[in-house]
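Only one structure is covered here, and it is reproduced in the block below.
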Amino acid sequence: MTLQFNNETFRDDYSFHNSQRAIDRFPFPFHEDSYMYAVNMEQHQGGPADSVYEKRFDVDEHYVAEMADRAKVLDDDPLRCQSLPHMALAGWDLLELIMVSKSEDYPDLFELHREGHKWHWINKPLGIEDHFTFMDDTTLPYAPMEYITRQTQGDFCVLDQRKDNLWMDAGMVTTQADWSLDFDIGMNFFEWHAPVPLAHEKGIFKRALKFLLNIRQGAPARRLNWTMTVNPLLDTSPENYHKWGIQKTTLTPENIGAKQHLRVELQTFFRLPRSNALVFPIRCYLMSFQDIVTKPKWGRRLNRVVRDLPEELATYKGFIENRPMMLEYLSQFDDGLPTSFGVWPDEDITPLLQR
Amino acid sequence: MTANAPNSTAPKTLGADKLYVRVSAISSLNALVTRFEFQRVDGVNFPPFSGGAHTVVEMMDGEKKRLNPYSLMSDPTDLRTYAISVRRDDQGRGGSLFMHRKVKVGDEMVLSYPMNLFALDLRARKHLFVAGGIGITPFLAQIKQLEATGGNWELHYSCRSPDLGSYVDELTGHYPHSTTIYYDDEKQFIDLDNLLDGQPVGTHLYVCGPKGMIDWVRNTATASGWPLAHVHHEEFLAPQPGKPFAVRLNKSGLTLEVGAHESLLEAIERLGVDAPYLCRGGACGQCETDVLDSDGTFLHRDHWLEDDEKNSGEKIMPCVSRFEGKTLVLNR
């Protein structure tokens, strides 16, 4: 199958849209009719054909437009991409992981030819072709982490591992759900998660950290996270809150189905072999409420999750003000029927994400 | 699990793939240490690794499967070959003797993916290595890594005698200005106080060797005002033999006897029960197991559990820890 890339924007006129294929493969995050934090990790070793879980780095119809949006964000604010000096080796690790994965998983879109340290990279969708020397920064137009993450959907946190903790010491973060790399750079796992309500008390972060410290080569893991975004904005950063925060007040009962988006993050975790660092890609998928409710099970369930979510979480996720209007809309699609366990829209598919 | 399944592999841990290898070279370095080199059966390159990483080697010793961790000590930039060095331990539980006596060039074996519990702190302005005996192995890969990336390092390596100085010639030949060797039988000892006193700010200290050496280096560094965050150690914890004891596995509904010369983890695996592990040396925490009931004394030997957890009687690390008493019931 050849991918068609959308001509679309994530700002100004918001021409972003999901095709039927994108709707069918949307990573709906709720496996049951309620939601609470859990250490919901599983192996990232493939998944059902054509699902977002199938490849190591999912490339979809939004690829070219997302990369154009990232370039604009970086033009305005270069601090969205940072790497502390000791993370140089991890940058090469990440470049290797992505180039090898993409060229193996999408041979029609990406090619990597290697002879020793002489590498040749071809990215057909973006029209990029470079010859460079692996491990020699001077042979690429950007440092390796920036070079490859300007060509890969999703944010990237590159975490150093030392003293039984993880440290946010490098990253490319332009599509984030209201957190800032520039603020978090150099922080450890507990420090950058400090603002999250309820989860500390439940011991979630201690257990999650133990799991992450033990992720090893050849055994990547994944989980889903989610929030809500008004308008299909990729860049919902604190730095630009003055631009997007106010848009939350533009919802009306008439436009909410089109404007209100469920924002799902497919978070994956890979051990980087040469540096022993951990890379944490956070891939954002957006879908409007009106597209979600085309799947009856998802419509029913989203209504119940939003309705019953604890107030602290609705506040933290930034939609407490709009919750009544959301429920007014969603409840039209909840006929009260029971829903099947698992995240898939069709009831005859075995659930993959058990938790 | 039946004995006529020689090709069966251990339960998958975290889904990690195994590396199927053939022994490509064996060389005796001296009376105690032998070097083994491996190449992949499928002919492709090994995955890259970081200096200080180990691999767990699966040994099919008759009907008994042994799983021992060894530091990867080959060059991380040469991925055609992985190499380990095995010191013969005549008093050990048999893994090193198996490697020395039974393994031949051409044999097929199974290795785990690399796992690093002794990684370099890449923020260091300088890496100061202190090695004792076979503790040299992780430093060999770390030195290669630092040489490839322009790192600053210095090695102080203590051996029993010139006869038993594994890799001494290679180190002093390639890096004469960065390496200092000390022979016990020539009454040469590391002048640690002076060594630590002369280091630039931002130096990280790494020690690998016998427990006595690790304690000495850590205590001396602490007494000289070094922050412990700059002092790293890797201790080769091997499961110690002990008295046999009985265990009931609640989930599997099995009762088993742990022999004097096997670990609790090995006994659980022997019954075919899927138990997670990574390091098999009491350090990584992966095999942490809940104790449901006990009447007796725990012999905790791991570096993982906190003291209060050890005293609670609710947790055990079956890779290295044992039990003496009447009843032990595990949630496994």
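The values are calculated or read from the model by the stated rules, or taken from the named source; none is laboratory data. Predicted model only: the values in this text are computed from it and were never measured. Don't worry about glycine lacking a Cβ; one is built from the backbone with ideal geometry, like all the others, and counts go over all protein chains shown. Heavy atoms of the whole protein, side chains included, go into the accessibility calculation; ligands, DNA and RNA do not. Shrake-Rupley method; radii C 1.70, N 1.55, O 1.52, S 1.80 Å.
Of these, B:Thr77, B:Thr81, B:Thr55, which one is at pLDDT below 90 and not charged (D, E, K, R)? Let's see the steps before the verdict.
Working: B:Thr81 fails: at pLDDT below 90; B:Thr55 fails: at pLDDT below 90.
Exactly one of B:Thr77, B:Thr81, B:Thr55 is at pLDDT below 90 and not charged (D, E, K, R), namely B:Thr77.
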_Residues of region B:256-267 satisfying the condition of being open to solvent by 20 Å² or more (accessible area, probe 1.4 Å) and closer than 21 Å to A:Asn214 by Cα_ = B:Glu266
*Among the residues of region B:228-244, write down those that are outside any helix (DSSP H, G or I), at pLDDT below 95 and open to solvent by less than 70 Å² (accessible area, probe 1.4 Å).*
B:His233, B:Glu234, B:Glu235, B:Leu237, B:Ala238, B:Pro239, B:Pro241, B:Gly242
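Here is a yes/no grid of residues against (1) touching an Asp or Glu at 6+ places or on another chain (Cβ under 6 Å); (2) surrounded by 21 or more Cβ atoms within 10 Å (Cβ to Cβ); (3) within 13 Å of chain B (Cβ to nearest Cβ):
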residue	(1), (2), (3)
A:Val100	no, no, yes
A:Val158	no, yes, yes
A:Asn165	no, no, yes
A:Phe183	no, no, no
*Residue list for region A:45-75, filter: farther than 17 Å from A:Asp155 by Cα and either within 14 Å of another protein chain (Cβ to nearest Cβ) or part of a helix (DSSP H, G or I) (or both)*: A:Gln45, A:Gly46, A:Gly47
*region A:216-241 - residue that is assigned to a strand (DSSP E or B) and within 14 Å of chain B (Cβ to nearest Cβ) and, of those, surrounded by the fewest Cβ atoms within 10 Å (Cβ to Cβ)*: A:Ala221
*Which of (1) open to solvent by 30 Å² or more (accessible area, probe 1.4 Å); (2) more than 11 Å from chain A (Cβ to nearest Cβ) does B:Gly132 not meet, given it meets every other one?*
(1)
_Tally of residues being out of contact with any Pro (no Cβ under 8 Å at 6 or more places or on another chain), modelled with pLDDT of 95 or more and under 22 Å from B:Phe189 (Cβ atoms) across region B:121-137_ = 7
*Failed criterion for A:Glu191 (all others in (1) without any contact (Cβ under 8 Å) to a residue 12 or more places away in the chain; (2) within 14 Å of another protein chain (Cβ to nearest Cβ) hold)*: (2)
_Test: residue in region B:68-77 that is more than 10 Å from chain A (Cβ to nearest Cβ), open to solvent by less than 20 Å² (accessible area, probe 1.4 Å) and over 19 Å from B:Phe98 (Cα atoms)_ = yes
*Restricting attention to region B:268-295, which residues are without any contact (Cβ under 8 Å) to a residue 40 or more places away in the chain, of a type outside the set (D, E, K, R) and either within 15 Å of A:Asn214 (Cβ to Cβ) or in contact with an Asp or Glu (Cβ under 8 Å, 6 or more places away or on another chain) (or both)?*
B:Gly285, B:Cys287
_Being in contact with a Ser or Thr (Cβ under 7 Å, 6 or more places away or on another chain) and either outside any strand (DSSP E or B) or open to solvent by 70 Å² or more (accessible area, probe 1.4 Å) (or both): is that true of B:Arg218 here?_
no
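Looking at the structure I just gave you, is B:Asp215 of a type outside the set (Val, Ile, Thr) and either within 14 Å of chain A (Cβ to nearest Cβ) or over 19 Å from the mean Cα position of the chain (by Cα) (or both)?
no
Any idea which of A:Tyr14, A:Tyr53 is aromatic (Phe, Trp, Tyr) and on the phi < 0 side of the Ramachandran plot?
Values: A:Tyr14 fails: on the phi < 0 side of the Ramachandran plot.
Among A:Tyr14, A:Tyr53, only A:Tyr53 is aromatic (Phe, Trp, Tyr) and on the phi < 0 side of the Ramachandran plot.
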*Using the structure shown, decide if B:Tyr167 is at pLDDT 95 or above, under 26 Å from B:Val86 (Cβ atoms), surrounded by 13 or more Cβ atoms within 10 Å (Cβ to Cβ) and within 14 Å of chain A (Cβ to nearest Cβ).*
no
*asked:* With the requirement that a residue be within 14 Å of chain A (Cβ to nearest Cβ), hydrophobic (A, V, I, L, M, F, W, C) and open to solvent by less than 10 Å² (accessible area, probe 1.4 Å), what does region B:86-114 give you?
replied: B:Leu111
*Tell me which residues, restricted to region A:76-96, are open to solvent by less than 40 Å² (accessible area, probe 1.4 Å), within 12 Å of another protein chain (Cβ to nearest Cβ) and of a type outside the set (Gly, Ala, Ser).*
A:His86, A:Met87, A:Leu89, A:Trp92, A:Asp93, A:Glu96
*Residues satisfying the stated conditions in region A:242-284, i.e. surrounded by fewer than 17 Cβ atoms within 10 Å (Cβ to Cβ) and β-branched (Val, Ile, Thr)*: A:Ile246, A:Thr249, A:Thr250, A:Thr252
_List the residue pairs whose Cβ atoms are under 9 Å apart, where the first residue sits in region B:24-49 and is within 14 Å of chain A (Cβ to nearest Cβ) and farther than 11 Å from B:Arg88 by Cα, the second is in a loop (DSSP other than H, G, I, E, B) and β-branched (Val, Ile, Thr), and the two are 6 or more positions apart or on different chains._
B:Phe46/B:Thr81; B:Pro48/B:Thr77
